[in-house]
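Here is the structure we will look at.
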Amino acid sequence: MNAVTQWPVAPSEFQADAALLSVAFEACPEGLAITENGRILYANSAFSRSLGLSGDGAVRGSLLAELTPDIPAVVQTASSVFHDSGRDLTIVTARRGPHSKSTVKNSVALETMGRLVSGVAHDFNNLLTGILLYCDLLITALEDRPRLQSQVKEMRGAGELGGALIQQLLTLARHQVAERRPILWNDTIVGLKSFLQRLIGENIELHAELDPHLEPVEMDPAQMQQTILNLVLNARDAMPDGGRITLNTSNCKNNGSARAAAVEFSVTDSGCGMDDETRAHIFEPFFSTKGAGRGNGLGLATVHNIVARHGGTIQVESAPSQGTRVVVRLPRLHPTYKSQGSRGKQA
């Protein structure tokens, strides 16, 4: 067995290397930050400037979700999880998007939409309250007709989802921080599955392959529902003649670790797929290939924004006539958490 020569390194050389890395980190033209549990431990000046702030001190100790703007075309972020001395850390990059006339126009459109949502949300919630009340009355009256009662319960669930989405739109419009809590992708998928199947139609098969040992993430429940809904609807629109949608969850592990570094949720469809040009623009607000009247181009942009705010990444794998797979990865939740519902199921 060949001997391996290990060269001794003096402590002063360690210090020199650390100083060099610190200078290089600060000099990097790309905005870089290191976060733990969503809170910024360190950021270089380029990162602060990309958020319209000055100096590392302006962002250090802050929650990334409170600083990241709502419009991904203005500030684009990406992240990657790594480990150091038993700690799960995330390195985040940020850069300013192109400030074209169309970007400014879209930003103004988003602000206008936010004011509109704020203005009509109260009236819409009043309508939903009436719908939910009548659903409750019907559920009570249909005790002896379980099939019809089950359908009314589905109607009520859709109404509750509509109310949650309205609250999410209000959160975006008012620039508020969403209410995060420990939650499992599995539980949300199982709760939505029946509703999603009705939404996508009978000509599309919906399957779920859920890891029974999935670890939780910290996320606003309405945002998780919105992420699933938007990705499934986008997959449905890629299959006008029918097909198959598969929802998958799993734990992502690094370097042979027994614990997950991140939690993965993916949506795979057997649709028409996308070329490289289309894939490069799918997260831009108002970008749509569906044609007039069939979409506003905000679904995937909203998902991108939600994932970025939670320190996660989103990846799209697609090719023409080969279908599409969208993968969302979020940092796992550190404290032990037990689900109140089903942790895993295949359907």
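The values are calculated or read from the model by the stated rules, or taken from the named source; none is laboratory data. Fair warning: this is a prediction, and the values are worked out from it, not measured in the lab. A quick note on method: Cβ atoms are made from the backbone with ideal geometry, for glycine too, and the neighbour counts reach across all protein chains shown. Side chains included, ligands, DNA and RNA excluded: accessible areas come from the protein's heavy atoms. Shrake-Rupley method; radii C 1.70, N 1.55, O 1.52, S 1.80 Å.
Look at (1) under 31 Å from the mean Cα position of the chain (by Cα); (2) modelled with pLDDT under 70; (3) not basic (K, R) and you find that F47 fails only one, number (2). Of the residues examined, T35 is not one that is part of a strand (DSSP E or B) and modelled with pLDDT under 65. Looking only at residues in the stretch 314-347 that are among the β-branched types (V, I, T) and crowded, with 19+ Cβ neighbours inside 10 Å, the one that is modelled with the lowest pLDDT is I314. In the stretch 260-286, the residues that are more than 30 Å from E218 (Cβ to Cβ) and buried (at least 20 other Cβ atoms within 10 Å of the Cβ) form Cβ pairs under 8 Å with partners that are of a type in the set (G, A, S) and at pLDDT 80 or above, at six or more places apart or across chains, as follows: G271/A235; G271/A238; G271/G243; G271/G323; M274/S318; M274/A319. Checking each residue in the stretch 199-243 for being under 17 Å from G271 (Cα atoms), open to solvent by 40 Å² or more (accessible area, probe 1.4 Å) and assigned to a loop (DSSP other than H, G, I, E, B) picks out E202, N203, P240, D241.
For the stretch 7-18, check the following and say yes or no: at least one residue is small (G, A, S), out of contact with any strand residue (DSSP E or B) (no Cβ under 7 Å at 6 or more places or on another chain) and at pLDDT 60 or above.
Going through the stretch 7-18, the residues small (G, A, S) turn out to be 10, 12, 16, 18.
From what's left, out of contact with any strand residue (DSSP E or B) (no Cβ under 7 Å at 6 or more places or on another chain): 10, 12, 16, 18.
Okay, now just the ones that are also at pLDDT 60 or above, so 18.
Looking for residues that are small (G, A, S), out of contact with any strand residue (DSSP E or B) (no Cβ under 7 Å at 6 or more places or on another chain) and at pLDDT 60 or above, one finds at least one in the stretch 7-18, hence yes.
The residue that is nearest to Q225 (Cα to Cα), among those in the stretch 132-173 that are among the basic types (K, R) and at pLDDT below 90, is R156.
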